[in-house]
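Novice: Got a structure for you, written out below as structure tokens; questions coming shortly.
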Amino acid sequence: MDRRAIGVFDSGMGGLTTVRELERRLPGEDIVYFGDTGRVPYGGRSPETILRYARQDVAFLRTFDLKAIVIACGTVSTIALERLAQECPMPVIGVVEPAARAAAQVTKSGKVGLIGTKATIASGAYERILKALRPDTEVVARACPLFVPLVENGRFRKGDPLVELVVSEYLEPFKTAGVDTMILGCTHYPLLSDAIGQYMGADVRLISSGAACVETVAQVLEEKGLNTDHTGIGSRRYFASDSPESFEELASIFLGEDIHHQAVQIAIETY
Ligand code: DGL
């Protein structure tokens with residue numbers, strides 16, 4: 001049993017989709033969340049910059065006494081998971097492998113769609129894992145760079161004409177290809193899942209990378225005896241590298257609970 005917190009980070013607000021799932025699956029765990037809202041998006045940056053940012057994010061989180069770190073960011077998971085895991089004494093869990101596993105399990109036709117940031121798609125990380133798990137998988141992949149700024153600006157709802165326009169432009173090739181499963185390879189994208197689901201149709205299974213990793217977190221805690229014995233709801237602490245008010249505003253919508261006056265701004269460049 002271990003009452004230390006789990007550290008969770010993302011380039012911005014997208015990792016809150018993972019926090020939401022963690023709250024459901026492991027309600028008693030304490031969570032420290034950092035969103036690098038001052039430097040989002042990461043997805044169009046070079047691997048070197050993404051690694052540097054990710055190291056700073058982890059260095060900040062490690063100022064807390066943590067038992068595990070969750071990289072609730074597809075981009076950082078594809079580029080930096082191995083390095084960060086080598087550099088940290090605690091388990092570091094990313095979103096790529098759990099999401100690829102979930103997709104390999106649910107696809108019937110073997111035709112899997114993958115959407116993510118430019119860095120994620122360019123890395124080929126999802127394809128490598130999918131092919132290793134199921135060699136006959138055919139992956140149709142596309143970067144969707146406008147999705148993260150849309151979500152960060154609160155434009156993610158079904159029925160929003162801008163959202164629907166961008167969704168239809170990006171996803172048209174997946175419809176044409178006839179994928180039966182779609183990996184939302186960026187943790188921001190589940191916020192668009194109503195619009196994406198409506199466009200792709202009910203027969204296409206959407207895999208949320210952030211949600212898929214929560215099962216892995218639960219397994220790792222169990223295996224290593226790191227679960228909390230706290231029976232109530234765990235504590236939440238939120239940090240951002242830009243305006244805490246803007247973070248609280250959007251995070252309250254994303255999490256479905258009021259977190260006003262709870263976020264703290266930090267100077268991430270100093271870590
Ligand atoms: N949520 C991040 C991801 O999963 C967003 C990346 C970005 O900042 O571009 O990839």
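Novice: For D258 and R4, calculate 0.36 nm times their separation in residues minus their Cα-Cα distance, and state this gained length in nm to one decimal.
Specialist: Numbers: separation 254, 0.36 × 254 = 91.44 nm, distance 2.41 nm.
Extending this stretch completely gives an extra 89.0 nm.
Novice: May I pose another question? With a/c under 1.5 counting as rounded, go ahead and sort the range 1-51 into rounded, prolate or oblate using the C-alpha gyration tensor (a ≥ b ≥ c being the square roots of the eigenvalues; past the cut-off, prolate if a/b is larger than b/c, else oblate). Could the numbers behind the result be given before it?
Specialist: Details: a/c = 3.12, a/b = 2.21, b/c = 1.42.
Prolate, because a/c is 1.5 or more and a/b exceeds b/c.
Novice: Between V106 and E215, what is the spin-label point distance in nm, taking each point 7 Å from the Cα along the Cα→C-beta axis?
Specialist: 1.0 nm
Novice: Where does helix 244-255 land angle-wise versus the long Cα axis of the chain, in degrees 0 to 90, nearest 10?
Specialist: 60 degrees
Novice: Looking at the range 157-245, which trypsin sites (Lys or Arg not before Pro) are DSSP coil and have at most 16 other C-beta atoms within 10 Å of their C-beta? Walk me through the intermediate numbers first.
Specialist: Details: sites: R157, K158, K175, R205, K224, R236, R237; in loops: R157, K158, K224.
Hits after loop and neighbour filter: R157, K158, K224.
Novice: Another question, if that's okay. For E245 paired with Q86, estimate the spin-label separation in nm (one decimal), with each label point 7 Å from Cα along the Cα-to-Cβ line.
Specialist: Here the modelled spin labels are 4.4 nm apart.
Novice: Now a separate question. Could you look at the chain and say what percent of its accessible area is carbon and sulfur, using a 1.4 Å probe and all protein chains?
Specialist: On the way: 5660 of 11440 Å².
It is 50 percent, rounded to a whole number.
Novice: A further question follows. Given just the C-alpha atoms of the range 30-86, how large is their convex hull per residue in cubic angstrom?
Specialist: Values: hull volume 4.6 nm³, N = 57.
For the range 30-86, the hull spanned by Cα atoms encloses 82 Å³ per residue.
Novice: Along the Cα-to-C-beta direction of R134, a point sits 7 Å from the Cα; which residues of the range 153-185 have their amide N less than 11 Å from that point?
Specialist: Within reach of a label on R134: 180-182.
Novice: While we're looking at this one, here's another question. With just the Cα atoms defining each centre, how far is the range 199-255 from the range 18-80? Give it in Å.
Specialist: 11 Å
Novice: Given a cut-off of under 8 Å on Cα pairs at least six residues apart, what relative contact order in percent is computed for the chain?
Specialist: Numbers: 543 pairs, mean separation 77.0, N = 271.
Computed value for the chain: 28 percent relative contact order.
Novice: What is the Cα radius of gyration of the range 107-171 over 2.2 N^0.38 Å, N being its residue count?
Specialist: 1.30
Novice: Return the sequence-ordered ³J(HN,Hα) values of the range 170-177 in whole Hz as given by the Karplus equation 6.51 cos²θ - 1.76 cosθ + 1.60 applied to θ = phi - 60°, using x for Gly and Pro.
Specialist: For the range 170-177, the Karplus curve yields 5, 9, 3, x, 6, 5, 4, 6 Hz.
Novice: Now for a different question. Each label point is 7 Å from the Cα along the Cα-to-Cβ direction; what then is the distance between the points at H230 and A122, in nm?
Specialist: 4.0 nm
Novice: Quick check on the range 167-241: what are the equivalent-ellipsoid semi-axes from the Cα gyration tensor, as sqrt(5λ), descending, whole Å?
Specialist: Working: eigenvalues 224, 49, 21 Å².
Equivalent ellipsoid semi-axes, largest first: 33, 16, 10 Å.
Novice: Report, in cubic angstrom per residue, the convex hull volume of the C-alpha atoms of the range 204-261. All intermediate terms of the calculation are to be shown ahead of the outcome.
Specialist: Working: hull volume 8.9 nm³, N = 58.
That works out to 153 Å³ per residue.
Novice: Assign one of three labels to the range 24-130, namely rounded, prolate or oblate, based on the Cα gyration tensor with a ≥ b ≥ c the square roots of its eigenvalues; rounded applies when a/c is under 1.5, prolate when it is not and a/b is larger than b/c, and oblate otherwise.
Specialist: Values: a/c = 2.02, a/b = 1.33, b/c = 1.52.
Because a/c hits 1.5 or more and a/b fails to exceed b/c, the range 24-130 counts as oblate.
Novice: Further question on the same structure: I'd like the Kirkwood hydrodynamic radius of the chain, using the inverse of the mean 1/r over distinct C-alpha pairs, in Å.
Specialist: Values: mean 1/r = 0.0542 Å⁻¹.
Across the chain, the inverse of the average 1/r is 18.5 Å.
Novice: Would you work out the charge dipole size for the range 1-77 about its Cα centre, treating the Cβ of every Lys and Arg as +1 and the Cβ of every Asp and Glu as -1, and quote it to the nearest 20 debye? Please report the intermediate quantities before stating the final value.
Specialist: Details: 11 positive and 10 negative charges, 19 e Å.
Charge dipole of the range 1-77: 100 debye, to the nearest 20.
Novice: Let's see if you can work this out: charge +1 on each Lys and Arg Cβ, -1 on each Asp and Glu Cβ, no other charges. What is the dipole magnitude of the chain about its Cα centre, in debye to the nearest 20?
Specialist: Working: 28 positive and 35 negative charges, 124 e Å.
About 600 debye.
Novice: With +1 on the Cβ of every Lys and Arg and -1 on the Cβ of every Asp and Glu, and nothing else charged, how large is the dipole of the range 181-231 about its Cα centre, in debye rounded to the nearest 20?
Specialist: Working: 2 positive and 6 negative charges, 32 e Å.
Once rounded to the nearest 20, the dipole reads 160 debye.
Novice: Report Rg (one decimal) and Dmax (nearest whole number) for the range 133-271, counting Cα atoms only, units Å.
Specialist: Here Rg and the maximum Cα pair distance are 18.2, 50 Å.
Novice: A follow-up question, please. May I ask for the angle, rounded to the nearest 10°, between helix 16-25 and the longest principal axis of the chain, with both axes built from Cα atoms and the value confined to 0 to 90°?
Specialist: Tilt relative to the chain: about 80 degrees.
Novice: Would you mind checking K108/K158; K131/K224; K131/K175; K67/K111; K111/K158 for any pair whose Cα atoms are more than 31 angstrom apart?
Specialist: K67/K111
Novice: Continuing with this model, one more query. Which three semi-axes in whole Å describe the equivalent ellipsoid of the range 145-195, each the square root of 5 times a Cα gyration tensor eigenvalue, listed largest first? Before the final figure, lay out each step's value.
Specialist: Values: eigenvalues 68, 31, 16 Å².
In descending order, the three semi-axes are 18, 13, 9 Å.
The values are calculated or read from the model by the stated rules, or taken from the named source; none is laboratory data. A quick note: this is a predicted structure, and the numbers were derived from the prediction, not measured. In this analysis, Cβ positions are derived from the backbone assuming ideal geometry, glycine residues included, and neighbour counts consider all displayed protein chains. Just the protein is used for accessible areas: all its heavy atoms, side chains included, with ligands, DNA and RNA removed. Shrake-Rupley method; radii C 1.70, N 1.55, O 1.52, S 1.80 Å.
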